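Colleague: I have a structure here, written as structure tokens, and I will follow up with some questions on it.
Read the figures in this text as sums done on the coordinates, not as results from a lab. Note that this is a predicted model, so its numbers are computed, not measured. Methodologically, a virtual Cβ is constructed for each residue, glycine included, from the backbone with ideal geometry; neighbour enumeration extends over all protein chains shown.
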Amino acid sequence: MKKQLTYIAVAFLFTGMLSAQKIDLNAMPKPGPTPAINIAKPKTFQLSNGLTVMVVENNKLPRVSANLSMDRPPYYEGDVTGVSQIMAEQLENGTKNISKDDFNKKVDFLGASLNFNSGGAFANSLSKYFPEVLGLMADAVINPNFSAKEIQDSKERAIEGLKSEEKNASSIADKVSRALMYGKNTSRGEFETVESINKIQLADVQNVYNKYYAPDNAYLVIVGDVKFDQVKSLVEKTFSGWKKSNTKFAALEPASNVAKTEINVVDVPSAVQSVVSVNNLNNLKMKDPNYFAATIANYILGGGGEARLFMNLREKNGFTYGAYSSLSASKYSPEFSAEASVRNEVTDKAVKEFMNELNAISTVKPEELENAKAKLKGSFIMSLEQPATIARFALNQKVQDLPADFYTNYLKSIDKVTAADVSNAVKTTILPNQSRIFIAGKASDISEGLEKLGYPVKYFDKEANPVAKPTAQKVDASVTIGSVADKYINAIGGLAAVQKVTSISSDATTKVQGMDMNMKMIQAKGGKMAMNISMMGNTVQKIVFDGKDGYMEAQGQKMPLNDKQKAEMVKDTELFPELTFAKSPEYKLAGIEKYNNEDSYVVKGGKTTYYYSVKTGLKTGEVKAGEGGSVPTSYADYKDVSGVKLPYTIIQNMGGMDINLTVKSYQINQAKDSDFK
């Protein structure tokens, strides 16, 4: 009872205080004064070979990380573009002192992570194993064991990666937009091709390592549970044998913005979304007086879910899942970019809204300015909790030639920014009148709308070469939707053979994030379907429908299909929808387009668009519209199965990622009613 009275008394006291102070509980609390920032400096020393070492002692956790980075300008690789990446992969293949298997076993045994890239390396381990791990890193960096066989394996993986990206609009957009901004035959604009990867030889890998993977102007940042004196001795022992290259870098090739904003389009016929990016080059550096004002401007424009681009393109118009912008103050490639992936049918509208926002960012509201300042200051203060932040700041000061008080005055520099400062910064960093509006998408769907926006529209191929505007091929008058369907039916075995098929069972495999995934599918007339997706023997997802009812199972949870799902599934009563093309007014012949690298007749029907090779009649693919966006599927490698040809290679694009299904086997007319229970 005494405790209860105490709680009641405290409650009344608190209520009285609220009343006396007249606090508005609905009002956002006002931010307090900007705190003073005291940033410890890492202890630093330099080896005679040029390697600068920075050590941040922090023994809160028994872990240590080491980050090696090389401050060097981009360099032109030319005929062997991609050689630097191939070289970096070899650093994980053992050394002259230890085999690949023993090297990797040792890293695993120590519970460490150790990886390499063309501009450095990274290691992380428990502090008691750190000397060994740093020794492995140094051995790999100084004594790489390059072999023709391992290089060939890396080349084959790189080529497979390039092939998987051939129809990926995002990959194409990134590659071609940089080639157009900087020039495709320059260090900042060149890109890998199958031809350039194939040309790489052992001597090329050795050459790029000797010239560019060197301690000259390199930094090793060590953070964690270490003692400076011990680390200094360890680094001197392990890295002093790394020899300078004394490489003289060529001056960066000149690059400039277009004189007047233009639209650059790359036709990706299979794309169901357009990748839109607005890009321009600038000269922004972190040490510039307008750096903080430019950073705030970019945050207000496209820094997150509260920014103008997101609120306009997603929240207001529903064009995309997200729209963002970035402003890089890179030492060698400062640039601005705003980007989003939007539905084909709204590409022109999205471009218009992008440009409206870019033109309007020179004026910001007081509340926007204060919110951006608060968010940026909060992010900065939170970052100080990470020991690696101190090392990163120190590295930035060296590489970006920042004043000694840049970070101690960081919060004050943000506070000082005014709306007028933002307006002035935008004039030199966000240039709506000198930008490339780059679009990778289906030209036949988007060109007409884009050409009405008032900007010059130029077309390029996937290798960044200028091309004429893609034009739709005319369908010969003798070709009808019925003849397209008949040609397909005849190509896969003929009407009699197709009509005998009552069910198709398939067993297919693919890889997802390096792990094998298996998909078993059974389809039967009447819309019946049973699908089971498994990984490592465990069911990931299962869907069963008997033509009237069914269920879905995932992560051990079983749920009945809802009415909407059942209504969609019951529409597909035929195993071969082509049998109904000529009978149903739903299907229309819509022309000829490239699909899966083949000229294909386009048949539109409801939510699905089908494509059939003009040459062979075989189905090259289909695109199915759904609530989460359209899903394109490609078909290839047709083989005979009990008198009917079926595709053994099926590629489905999910969220920009290709899922390559390889069919191991088909069975015709083997399904039983129990399969759909």
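Colleague: In degrees, nearest 10, range 0 to 90: what is the angle between the Cα axis of helix 169-182 and the longest Cα principal axis of the chain?
Modeller: Approximately 50 degrees, to the nearest ten.
Colleague: Let me ask you something else. Taking the Cα centre of the chain as the origin and placing charges on Cβ (Lys, Arg +1; Asp, Glu -1), which of G482, I222, G449 is farthest toward the positive end of the dipole?
Modeller: The residue sitting most towards the positive pole is I222.
Colleague: Report, in listed order, any pair from K528/K664; K167/K571; K232/K412 with a Cα-Cα distance greater than 26 Å.
Modeller: Too far apart for the 26 Å limit: K167/K571; K232/K412.
Colleague: Too long at a 23 Å Cα-Cα cut-off: which of K352/K624; K155/K237; K398/K427; K487/K588?
Modeller: Where the Cα-Cα span goes over 23 Å, the pairs concerned are K352/K624; K155/K237; K398/K427.
Colleague: Run through the DSSP bridge list for the chain and note the antiparallel percent, rounded to the nearest 5.
Modeller: 90
Colleague: Among the aspartates and glutamates, which have Cα under 12 Å from the Cα of K474 when same-chain residues fewer than 8 positions away are ignored?
Modeller: Leaving aside aspartates and glutamates fewer than 8 places away in the same chain, those within reach of K474 are E593, D599.
Colleague: If you wrap a convex hull around the Cα atoms of the range 121-270, how much volume per residue is inside, in Å³?
Modeller: Dividing the Cα hull volume of the range 121-270 by its residues yields 187 Å³.
Colleague: I've got another one for you. Based only on Cα atoms, what Rg/Rh ratio does the range 35-118 have, Rh being taken as Kirkwood's radius?
Modeller: 1.06
Colleague: Give the cross-link partners of K672 among the aspartates and glutamates, using a straight C-alpha distance below 13 Å as the criterion and excluding same-chain residues fewer than 8 apart.
Modeller: Cα-Cα hits under 13 Å: D546.
Colleague: Normalised by the number of residues in the chain, what is the relative contact order in percent for Cα pairs under 8 Å and 6+ residues apart?
Modeller: Relative contact order of the chain: 13 percent.
Colleague: Sticking with this structure for a sec: For Y76 and V399, what does the FRET efficiency come to when R0 = 22 Å and r is the distance between their Cβ atoms, rounded to the nearest 0.05?
Modeller: 0.55
Colleague: Still on this structure, I have one more. When all alpha-carbon pairs of the range 289-369 are counted, what percent fall beyond 17 Å?
Modeller: Cα-Cα pairs of the range 289-369 separated by over 17 Å account for 45 percent.
Colleague: Now for a different question. So what are the three principal axis dimensions of the chain from its Cα atoms, in whole Å, longest to shortest?
Modeller: For the chain, the Cα spread along each principal axis is 83, 76, 70 Å.
Colleague: Hey, what's the Kirkwood Rh for the range 262-467 if you take every pair of different alpha carbons, in angstrom?
Modeller: Hydrodynamic radius (Kirkwood, Cα pairs) of the range 262-467 is 18.2 Å.
Colleague: I've got another one for you. What's the center-to-center distance, using Cα atoms, between the range 179-244 and the range 297-369 in Å?
Modeller: Between the Cα centres of the range 179-244 and the range 297-369 lies a distance of 35 Å.
Colleague: So which aspartates and glutamates can K106 reach, going by Cα to Cα under 14 Å and dropping same-chain residues fewer than 8 places off?
Modeller: Filter leaves E92, E132, D139.
Colleague: Still on this model: For the range 583-677, just the Cα set please: Rg and Dmax, both in angstrom.
Modeller: 15.0, 42
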